[in-house]
Amino acid sequence: MLIPKEVIDDIIEKSDIVSIVSERVALSKKGRNFWGLCPFHQDQNASMSVSPEKKFFKCFSCQVSGTVLDFVKDFDNISFQEAIKKLAVILNYDLSKFENENPVKQNKNTIIYKLNEESLAFFKLNLRSNEAKHAVKYLHSRDITNEDIAFFEIGFLPKNNSLVEHLISKGYNISDIVEAGLGTYNEERQKMYDIFTDRIMFPIRNENKELIGFSGRIIETNSEKPKYLNTKETPVFSKRKIAYNFSEAIKSARVKKELIVLEGYMDVISLHKNGIDNTIALMGTALSQYHVSIFKNIKGTIKMFLDGDEPGIKGNIEASQTLILNNQKVLVVNNPTNNDPDELIKQGKKAEIEKMISEALNPLEYIISKRWPKVNSKDFNSVEEFMKEICSFVLKCNNNILYETSIDELEKITGLSKEAIINFYKKISNKQSNSISNNKVEEVKTSSEKQAVNNKNTSFNILSSLKAYELAEKTILFDLIKSNKNLELIKDKIREVKFPHKEFRRLILKIINSYEENMNYNETEIKEIINQNFSQETLEEINLYESDPLMVRIKPEANTAKLIENSFEKLKMYSNEKKIAEINEMLNSNNLSKNDRDNLMDILSERIKKREEWLGNFNDKNN
């Protein structure tokens, strides 16, 4: 559905923003506007204003603002299109002329969503039948109440009631039913069969509340069939894109600034019914880039809470690595038992679970707490294996702060010197680089490309893998916040580099402009200017960086001009690395002419030489 902008504007104009917002948040009138607690952060002072005249809402604490369309989209956690449709229904606004009139051209995904919704209605209806008494009894035995059944839309498919026959009777095509993963066709018998039979059915929705598939749980305890059966891979369902309960959990997670990631849907249901409603389940899959992308909607901390067994520990560690690599705040819940959260709840250990969650560890603390107790500190091999795992984890996380912190922690725990630990890091880093190089060489097509990749990876040392530029951009920003003594130096150099943090360049330019307006601004006044011009999220990030141990270590009497120059050198390296990545991406294209490929290889070679020169200079300074 493609809706013209003027129609969208008309829907926004005709919508009663006060009425629609008040259905979701309690409002009270003060003057011309209405005020209420902002649902997008932990608000306690009714910071959100809703203006019926301007048809606009704004939170004066977290700075979230927009039209009624923005509010409905974010609060209800639905897509832009769904929010427009929802407002149109309220207004009785006809959008039918913008829909695709030819059902043959209807999007395949839309057909699967409709099939899934029809199937869910069928499952829910069956759960109320006489054939489902044993299913209801089983659910009640797991402490799943009728209210829980309704909230999580749980259903049932008995043996003697065919879903595929029901769907065919509703006019759906056999090919669509098969593609949706709801049935299978036996060509020899020329007959359709159900995928799910005699199973309790749990619907799985995506972040936009679209029904993408199901998980079916068998009731029989001694059955040879798999206990859990998920929808097969379809155009809308992928195992790596399961985030069970996300569309519901995000509401609470946004307020609490915290999302808890569990392993199974029974864990989610058990915690939800005990008041912990900001949880999702991966349902046995690893954390993927899909999860990383939707977690960004939380603007808070992800708490990994997988099972306490070895697979759960490994899952927590790998997920933490992925999240840190993607600049996501992450903590890990230390579950010292071999029980999952559902089992702990049934043992009456809700208080213990709440304590575990509130005392979640940073990933480095977590992995050390799990691995060091098993180390024989008098056995060289045992200590070395421990060091290998910790150092590999830190290197893969690609985070300079984590690296610096780990050196101090490892020195304290193992008794090794900092020099020995840094050398161990270099050894692990070189091994990882050689491994990458060997794998890549097999994939490269031309001899010149082989040479470039070899050069790229053999020069890749601990400094480049740990992103030294993260500290560089912080150093420049906070030097400007504290005073204007290096203003001219920063103005001169800022044109030459890129900043990894998307807001830092804008922040720095704003501060530079402010000083040019008034050179007498002090630190407090500069911070006030930042508060007035940037989002709450950015302000929180600045506060976090300011308390960073690496920033605190910079002494007031330090030669900050030299620090600034060094920081810009590191950011030049970052800009160079970005260009190398862009060139490598272009070289992956199959449509390049030989001339274009040769030109790119020449540019790449020059960039790699710059990398080698920079790293050589750095190593000379530190030897």
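The values are calculated or read from the model by the stated rules, or taken from the named source; none is laboratory data. This is a predicted model, so every value here is computed, not measured. Cβ placement follows ideal geometry from the backbone for every residue including glycine, while neighbour counts extend to all protein chains displayed. All accessible areas refer to the heavy atoms of the entire protein, side chains included, with ligands and DNA or RNA removed. Shrake-Rupley method; radii C 1.70, N 1.55, O 1.52, S 1.80 Å.
Spin-label pair Asp492-Leu91: with each label point 7 Å from Cα along the Cα-Cβ axis, the two points sit 5.7 nm from one another. The H on the amide N of Thr301, modeled in the peptide plane, is under 5 Å from the matching H of Glu258, Leu259, each at least 5 residues off or on a different chain. Once volume of the Cα convex hull per residue in Å³ is calculated for the structure shown, the corresponding label among [x] 184; [y] 238; [z] 169 turns out to be [y].
Computed packing ranks the peptides 329-337, 472-480 as 472-480, 329-337, most packed first, by mean other Cβ atoms within 10 Å.
Sorted largest first, the principal axis extents computed over the alpha-carbon atoms of region 188-289 equal 55, 32, 21 Å. The separation of region 31-84 from region 120-157, counted between C-alpha centres, amounts to 37 Å. Average 1/r across all pairs of distinct alpha carbons in region 126-182, invert it, and you get the Kirkwood radius: 13.0 Å.
List the GluC sites (Glu not before Pro) within region 76-180 that fall in a DSSP loop (any state other than H, G, I, E or B) and whose Cβ has at most 13 other Cβ atoms within 10 Å. Listed in order of number, the matching sites are Glu99, Glu101.
Only protein heavy atoms count here; under a 1.4 Å probe, Arg505 has an accessible surface of about 80 Å². Overall, the accessible surface of the chain at a probe of 1.4 angstrom is composed of carbon and sulfur to the extent of 47 percent.
How do Tyr244, Tyr193, Tyr228 rank by accessible surface area computed with a 1.4 Å probe, from largest to smallest?
Greatest to least solvent exposure: Tyr228, Tyr193, Tyr244.
For region 1-122, state the semi-axes of the equivalent ellipsoid (square roots of 5 times the eigenvalues of the alpha-carbon gyration tensor), sorted largest first and rounded to whole angstrom. The partial results should precede the final answer.
Values: eigenvalues 207, 60, 26 Å².
Each semi-axis is the square root of five times an eigenvalue, giving 32, 17, 11 Å.
Remark: the chain carries a charge dipole of roughly 240 debye about the Cα centre, counting +1 on each Lys and Arg Cβ and -1 on each Asp and Glu Cβ.
Which of the aspartates and glutamates could be linked to Lys14 by a straight reach, that is with a Cα gap under 16 Å, when you skip same-chain ones fewer than 8 residues away? Correct list for Lys14: Glu6, Glu53, Asp70, Asp94. For region 145-208, the solvent-accessible area of protein heavy atoms averages 50 Å² per residue (probe radius 1.4 Å; ligands and nucleic acids excluded).
If you count, for each residue, the other Cβ atoms within 10 Å and average over each peptide, how do 155-161, 524-530, 267-273, 513-519 line up from highest to lowest? Could you put the intermediate results ahead of the total?
On the way: 155-161: 19.3, 524-530: 15.0, 267-273: 24.4, 513-519: 12.3.
Per-residue Cβ counts within 10 Å, averaged per peptide and sorted highest first, yield 267-273, 155-161, 524-530, 513-519.
By a 1.4 Å probe calculation restricted to protein chains, Arg597 has an accessible surface near 40 Å², given to the nearest 10. Is any helix in the chain, taking whole DSSP H runs, at least 24 angstrom long along its axis by alpha carbon and on average at least -0.5 on the Kyte-Doolittle scale, and which ones? In the chain, the long hydrophobic H runs are 108-127, 380-397. Give me the tail of P(r) for region 98-246 as a percent: Cα-Cα pairs with distance above 22 Å. More than 22 Å apart: 41 percent of the Cα pairs in region 98-246. Each of Glu248, Glu53 has its accessible area taken with a 1.4 Å probe; listed largest first, they run Glu53, Glu248.
Among the listed pairs Lys58/Lys527; Lys73/Lys396; Lys58/Lys572; Lys30/Lys355, a Cα-Cα separation exceeding 32 Å is found for Lys73/Lys396; Lys58/Lys572; Lys30/Lys355. Within region 282-393, the proportion of Cα pairs with more than 23 Å between them is 34 percent.
Residues whose amide H lies under 5 Å from that of Ile212, counting only those 5 or more places away or on a different chain, are Ile204, Arg205, Asn206; hydrogens are built 1.01 Å from N in the peptide plane.
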